[in-house]
Amino acid sequence: MPEERIAQVAIDFIAFCFERRGAEWPVLYDEMCYVAGKRLYRGLGYEELKEAGLDFTLAGLARTSRLTNEVTKRLRQGEVATI
């Protein structure tokens with residue numbers, strides 16, 4: 001992605017949620033919100049994930065969607081998810 005670098009923890013978070021649910025956007029977004037809200041991945045919540053490059057707000061949704069789609073595409077292809 002040409003935007004600023006995404007922290008590996010954000011990519012790992014997306015992979016974790018994808019493995020839990022195996023769904024596409026927007027269902028995966030719901031899973032990501034659930035996991036962040038309950039802090040099920042390494043105790044990380046919305047603020048920590050935002051600092052890592054994942055913004056769940058309306059303003060950041062397009063970027064988060066693009067990133068999520070890229071990560072899940074690589075996961076389906078069997079690649080290591082790094083951006």
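Using only side-chain charges placed at the Cβ, +1 for Lys and Arg and -1 for Asp and Glu, the dipole size of region 8-74 relative to its Cα centre rounds to 100 debye.
Annotation: the residues THR57, THR64, sorted from fewest to most other C-beta atoms within 10 Å of their own C-beta, follow the order THR57, THR64. Ranking of VAL9, VAL71, VAL35 by neighbouring Cβ atoms within 10 Å, starting from the fewest: VAL9, VAL35, VAL71. Here's how it looks for ASP55: its modeled amide H is under 5 Å from those of THR64, which are all 5 or more places away or on a different chain.
Net charge in the neighbourhood of MET32 (other residues with Cβ under 10 Å of its Cβ; Lys, Arg +1, Asp, Glu -1) is 0. When ASP30, ASP12 are sorted by how many other C-beta atoms sit within 10 angstrom of their C-beta, beginning with the fewest, the order is ASP30, ASP12. By the Cα gyration tensor, region 8-74 has an equivalent ellipsoid whose semi-axes, rounded to whole angstrom, run 15, 14, 11 from largest to smallest. Per-residue Karplus couplings for region 19-29, computed as 6.51 cos²θ - 1.76 cosθ + 1.60 with θ equal to phi - 60°, are listed in order as 5, 5, 10, x, 10, 9, 4, x, 4, 5, 4 Hz, Gly and Pro entered as x.
On full extension, the segment bounded by GLN77 and GLU51 gains 6.6 nm, given 0.36 nm per residue less the C-alpha separation.
Applied to region 13-18, the Karplus parametrisation 6.51 cos²θ - 1.76 cosθ + 1.60 on θ = phi - 60° returns per-residue 3J(HN,Hα) values of 4, 4, 4, 4, 5, 5 Hz, with x for Gly and Pro.
How much length would be gained if the chain were fully extended between ARG20 and SER65, taking 0.36 nm per residue of separation minus their Cα-Cα distance, in nm to one decimal?
On the way: separation 45, 0.36 × 45 = 16.20 nm, distance 1.76 nm.
Roughly 14.4 nm would be gained on extension.
No lab work stands behind these numbers, since they all come straight from the coordinates. Computed from a predicted model, the values in this text were never measured in an experiment. For neighbour counting, all protein chains shown are included, and Cβ atoms are generated from backbone atoms with ideal geometry for every residue, glycine included.
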